[in-house]
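Participant: Before anything else, here's the structure in question.
Readers should treat all values here as calculations from the given coordinates under stated rules, not as data from a laboratory. For clarity, every value in this text was computed on a predicted model and none was experimentally measured. Glycine also receives a Cβ, built like all others from the backbone with ideal geometry; neighbour counts cover every protein chain displayed.
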Amino acid sequence: MSLPIEAVIAEAKRYLGVMEQPKNSNRGVQIDYWLAETGIAPGAPWCAAFVGQVGRQALGAAWLCPRTASVAAIAAWAAASNRIVTSPQRGDLFLLWSPELKRFAHVGFVTDGGSGKGYDTIEGNTNPGGGREGYGVFRRSRSLVSTTRFVRWEAA
């Protein structure tokens, strides 16, 4: 497996169990820092900020994704750079589509591409039920659905 991918996943694992303080506030020492690194004020949704900070901490300047707290911005960058794929592999970012918002609205790391029916993740601003507005960093198992996309961020 790729050393950059393994470094990013190892870094994401370090934050498993980080929780919002207070719960459901989009706040906490780590979370406020991740948001500040994107230029966003505390209290905003933070899944994309988590992804970016983990990537930068693991790879420094080799992390190619934009410094943002916006899932839509990650999706736009990935589309513009031909990095969107429809089946997951270890290390990809996943992008969950929100029919209500009519855009991609949640992002995290794929830790196992699965067998074609699902995939495993580490993601921030989720909960044990898989919500996109959760309260911590969790491991999840997600079903593969037709609207989900994946980002191959690693440099070729």
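Participant: Pull up the cross-link candidates among the aspartates and glutamates for LYS13, meaning alpha carbon to alpha carbon under 17 Å and not fewer than 8 places away within one chain.
Facilitator: ASP92, ASP112, ASP120, GLU123
Participant: How large is the dipole of region 3-151 about the Cα centre if only Lys and Arg carry +1 and Asp and Glu carry -1, each at its Cβ, rounded to the nearest 20 debye?
Facilitator: With Lys and Arg at +1 and Asp and Glu at -1, about 200 debye.
Participant: Rank THR126, THR38, THR111 by mean-square fluctuation in a GNM of the chain with C-alpha springs under 10 angstrom and give only the top-ranked residue.
Facilitator: The residue that fluctuates most here is THR38.
Participant: What 222 nm value per residue comes from the helices of the chain, counting each DSSP H run with n ≥ 4 as -39,500 (n - 2.57) and dividing by all residues, nearest 500 deg cm²/dmol?
Facilitator: Values: 4 runs with 43 residues, N = 156.
Theoretical 222 nm ellipticity from helices: -8500 deg cm²/dmol.
Participant: Assign unit charges at the C-beta atoms only (+1 for Lys and Arg, -1 for Asp and Glu), then state the dipole size of region 76-124 relative to its Cα centre in Debye, rounded to the nearest 20.
Facilitator: Values: 5 positive and 5 negative charges, 39 e Å.
Roughly 180 debye for region 76-124.
Participant: Still on this structure: Taking the chain as a Gaussian network, Cα atoms linked when under 10 Å apart, which of ALA36, ALA80, ALA49 shows the biggest mean-square fluctuation?
Facilitator: ALA80
Participant: So for the chain, what percent of the C-alpha to C-alpha distances run longer than 27 Å?
Facilitator: Tail of P(r) above 27 Å: 13 percent of Cα pairs.
Participant: Loop-only trypsin sites (Lys or Arg not before Pro) in region 62-156, please: DSSP not H, G, I, E or B, and at most 12 other Cβ atoms within 10 Å. Don't skip to the answer; put the middle values down first.
Facilitator: Working: sites: ARG67, ARG83, ARG90, LYS102, ARG103, LYS117, ARG132, ARG139, ARG140, ARG142, ARG149, ARG152; in loops: ARG67, ARG83, ARG90, LYS102, LYS117, ARG132, ARG152.
Loop-located and lightly packed - LYS102, LYS117.
Participant: Let a ≥ b ≥ c be the square roots of the eigenvalues of the Cα gyration tensor of region 47-127; is it rounded (a/c under 1.5), or, if not, prolate (a/b larger than b/c) or oblate? Write out the running numbers ahead of the final one.
Facilitator: Numbers: a/c = 1.35, a/b = 1.12, b/c = 1.21.
Note, shape of region 47-127 comes out rounded.
Participant: Of GLY129, GLY113, GLY91, which has the largest mean-square fluctuation in a 10 Å C-alpha GNM of the chain?
Facilitator: Evaluated over the chain, the most mobile residue of the options is GLY129.
Participant: To continue, here is another question. Can you give me the Cα centroid spacing of region 22-46 and region 131-156 in angstrom?
Facilitator: Each part's Cα centre sits 19 Å from the other's.
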